[in-house]
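Asker: Right, I'll just put the structure down here and ask away after.
FYI, it's all coordinate maths here, none of it is from the lab. Computed from a prediction, not measured in an experiment: that's the story for all the values here. A quick note on method: Cβ atoms are made from the backbone with ideal geometry, for glycine too, and the neighbour counts reach across all protein chains shown.
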Amino acid sequence: MAIPLLSSEAIRELDRRTIQEVGIPGPVLMEAAGRVCAEIAEELLPGERAGRVAVLCGKGNNGGDGMVAARHLIHAGHQVDLFLLADPKALQGDAALNNTILARLGVPVRVLPDEAAIAALDLRNHDLILDALLGTGLTHEVKGTLAAAIRAINASGVPVLAVDIPSGVSADSGQVCGVAVQARRTVTFAYPKPGQVLYPGAALCGDLDIVDIGIPPSLLGSAAGGAWLLTDQDVAPHLARRAPDAHKGRFGHLLVVAGSPDKPGAAGLCCRAAVRTGAGLVTLAGSPEVLARVVIGATEVMGEVIQGFPDLKRICAGNIQAVAIGPGLGTGPAAAGLVRQAVAELPVPMVVDADGLNNLVDHLALLPKAPACRILTPHPGEMARLLHLTTGEVQRDRLGCARQLAAAINGVVVLKGAGTVVAGADGTARVTMAGNPGMATGGTGDVLTGVIGALLCQGLDPSDAAAVGAQLHGAAGDDAVVAKGQHGLIASDLIEALPGVLRRFEAWGDGEDGPDDPEHP
């Protein structure tokens, strides 16, 4: 099932309730966190000998976790150099308690009071660095000694295990607060955080371990804030094998409105993806030039010549369950008028992409009044135009921007890119980690439009169609890249990979071995 993504505020509240309401003491939670960090650290150390580990601690609870980890590593026979970037007298609470425990055990702690001390530090002769400088509560730019320590860690070339989150990464957005640690592996507690699945934070985390430290799941409640990490288990139930007596009429008729004489390929990719994703029927509505290119090349696709919106409305009055509009359509007056009327008036669910989105800039007021749900699938540049922001502003707050647009249109938004976000008008958001950089090539967005359109016409709820479509699309890219590599991957490769991906999900949806099983990691 989907995994909740907890904001820094939410995780603090869970900690508080665990300690104050349930009665599990803070030192017990810290002991569990530090112990599991030490266990994972040992997995990264050379197995044939005792390792040498540098543990860098800040003054907060993250530093306290590092102190516990250091103690367990020492007890396991490893050589540990423990560094504290704070005045020991400034330590409070559980961190102060663990510093006292180390002192009673005779464990030396070297204080690094300033940038000069850090400049003299040589971390290169260690096998592993434990980053316990800053935790999930970071809200400001990292400066001074902490920034110097982060730079020293990165410059060392030594593998890094980050405690909870790489220091310098915002847990809520994944953005770098000035400078951040590049970890090989990150161990996070109880639940993942948005900044660990949104870029660049996701890349800085390296491999992510989500570990239980004793926070009761019953406390979660609404703490997740409506943000979730999509998994294959979320997708499988929507894609079980079909009934033996199934026929094409049960799987919907998708109308694709796409393509122009100079961009017919976008329409072809969209239609072929829809056919491969199981739409019962796919009809392309467009100019004779587009139909001649696409329908002849994709024999499973039917064609309808349209001159304007009245033709589109007539076709939709027949047996059409969903519409996909926009890829390669153009932004001239005729295309703009067609998109705006279609969005405002057609009575079936609709996915809008590419030029469909460009033709809606400054016309979003049409969408909340639409007679059926609209799914918008912008990339960051298109999102910036729709919200009158810069692309940088969008990328710095992907969750927030997706939610903002979904609320504005009273629909669903799929913000494409690394860590695709699917947001609903109710404020919920789902993030998929499926996909890879090889998909950064022309036409892959057109494929996604066809995939979501096919799921819509098969009767999936629009929010589910968008989320399942995003996961399928990324999974197809991940399968395709194995054979084609990142540089050679093209949009058509995703379409060819879709049947294999769907076959896996069909089996899992029917209860066969699935992604939780050893052969399906």
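Asker: With a bin width of 5 angstrom, please list the P(r) values of the stretch 365-470 as percents of all Cα-Cα pairs, from the 0 bin to the one holding the largest distance.
Answerer: Each 5 Å bin holds this share of Cα pairs: 2, 14, 24, 26, 22, 10, 3, 0.
Asker: Select from the stretch 20-115 those GluC sites (Glu not before Pro) which occupy a DSSP coil region and have at most 12 other Cβ atoms within 10 Å, ordered by residue number.
Answerer: E48
Asker: Hey, another quick one. Which whole-Hz couplings ³J(HN,Hα) result when phi for each residue of the stretch 442-458 is put into the Karplus expression 6.51 cos²θ - 1.76 cosθ + 1.60, θ = phi - 60°, listed in order with x for Gly and Pro?
Answerer: Using θ = phi - 60°, the values come out as x, x, 5, x, 5, 5, 4, 4, x, 4, 5, x, 5, 5, 4, 6, 8 Hz.
Asker: Give the shape of the stretch 124-170 as rounded, prolate or oblate, defined through the alpha-carbon gyration tensor: a ≥ b ≥ c are the square roots of its eigenvalues, a/c under 1.5 means rounded, and otherwise the shape is prolate if a/b is larger than b/c and oblate if not.
Answerer: Verdict is oblate for the stretch 124-170.
Asker: Sticking with this one: Check which residues have an amide H placed less than 5 Å from L229's amide H, if you skip close sequence neighbours.
Answerer: It is I3, L5, V431, by chain and number.
Asker: So, one more: Indicate, rounded to the nearest 5 percent, the antiparallel portion of the DSSP beta bridges found entirely in the stretch 3-225.
Answerer: So the antiparallel bridges in the stretch 3-225 amount to around 5 percent.
Asker: Please rank F251, F189, F505, fewest neighbouring Cβ atoms within 10 Å first, as an exposure proxy.
Answerer: Lowest to highest Cβ neighbour count: F251, F505, F189.
Asker: Now for a different question. Please work out the C-alpha center-to-center distance from the stretch 431-506 to the stretch 24-47 and express it in whole Å.
Answerer: Each part reduced to its Cα centre gives a spacing of 38 Å.
Asker: What FRET efficiency do you get for V107 and T139 if R0 is 30 Å and r is their Cβ-Cβ distance, rounded to the nearest 0.05?
Answerer: Calculated transfer efficiency: 0.45.
Asker: Spin-label point model (7 Å from Cα, Cβ direction): what's the D426 to Q20 distance in nm?
Answerer: Rounded to a tenth, the inter-label distance reads 2.9 nm.
Asker: Averaging sequence separations of C-alpha pairs under 8 Å and six or more residues apart, then dividing by the length of the chain, give the relative contact order as a whole percent.
Answerer: 12 percent
Asker: Could you list, bin by bin from short to long, the percent of Cα-Cα pairs of the chain in 20 Å steps?
Answerer: 22, 46, 25, 7, 0
Asker: Helix-derived [θ] at 222 nm for the chain: sum -39500 (n - 2.57) over DSSP H runs of at least 4, divide by residue count, nearest 500? Please list the in-between numbers first.
Answerer: Working: 19 runs with 217 residues, N = 521.
After summing the helix terms and dividing by the residues of the chain, the value is -12500 deg cm²/dmol.
Asker: Which percent, to the nearest 5, of DSSP beta bridges fully inside the stretch 232-509 are antiparallel?
Answerer: Here the share of antiparallel DSSP bridges comes out near 30 percent.
Asker: Which pairs, out of K143/K193; K248/K416; K263/K313; K416/K484; K263/K416; K89/K193, put more than 26 Å between their alpha-carbon atoms?
Answerer: With Cα atoms farther than 26 Å apart: K248/K416; K89/K193.
Asker: Further question: Could you give the C-alpha radius of gyration of the stretch 232-509 expressed as a fraction of 2.2 N^0.38 Å, taking N as the number of residues it contains?
Answerer: 0.91
Asker: Considering the Cα positions of the stretch 3-225, please state its Rg to one decimal place and its Dmax as a whole number of Å.
Answerer: 16.1, 48
Asker: Which shape class, rounded, prolate or oblate, goes with the stretch 199-270 when its Cα gyration tensor gives a ≥ b ≥ c as root eigenvalues, a/c under 1.5 marks rounded, and past that a/b bigger than b/c marks prolate?
Answerer: oblate
Asker: Under the 0.36 nm per residue contour assumption, what length would be gained going from the current alpha-carbon distance of R503 and K248 to full extension?
Answerer: Extending this stretch completely gives an extra 90.0 nm.
Asker: With just the Cα atoms of the stretch 10-96, tell me how far they stretch along each of the three principal axes, in Å, largest first.
Answerer: Per principal axis, max minus min of the Cα coordinates gives 45, 28, 21 Å.
Asker: Looking at the chain, send over the antiparallel percent of its DSSP beta bridges, to the nearest 5.
Answerer: 20 percent
Asker: Let me ask something else about it. How high is the relative contact order of the stretch 247-338, in percent, with contacts defined as C-alpha pairs under 8 Å that are six or more residues apart? Write down the numbers at each step before the final one.
Answerer: Working: 172 pairs, mean separation 34.5, N = 92.
In percent, rounded to a whole number, it is 37.
Asker: Mind listing the phi-derived Karplus ³J(HN,Hα) values for the stretch 66-80, rounded to whole Hz, using 6.51, -1.76 and 1.60 with θ = phi - 60°, and x for any glycine or proline?
Answerer: With the stated coefficients, the stretch 66-80 comes to x, 5, 4, 4, 4, 4, 5, 5, 4, 5, 7, x, 8, 8, 10 Hz.
Asker: Moving on to the next point. Binning at 5 angstrom from zero up to the longest distance, how are the C-alpha pair distances of the stretch 235-369 distributed in percent?
Answerer: Percent of pairs per bin, in order: 2, 11, 21, 23, 20, 12, 7, 4, 1, 0.
Asker: Take the alpha carbon atoms of the stretch 119-190, find their center, do the same for the stretch 261-326, and report the distance between the two centers in whole angstrom.
Answerer: Between the Cα centres of the stretch 119-190 and the stretch 261-326 lies a distance of 51 Å.
Asker: In sequence order, what are the phi-derived ³J(HN,Hα) couplings for the stretch 147-156 according to the Karplus relation 6.51 cos²θ - 1.76 cosθ + 1.60 with θ = phi - 60°, rounded to whole Hz, with x for glycine and proline?
Answerer: So the J values, rounded to whole Hz, are 5, 5, 5, 4, 5, 5, 4, 5, 6, 6.
Asker: Hey, another quick one. For the stretch 232-509, what relative contact order do you get, as a whole percent, if you take Cα pairs closer than 8 Å and at least 6 residues apart?
Answerer: Relative contact order, the stretch 232-509: 21 percent.
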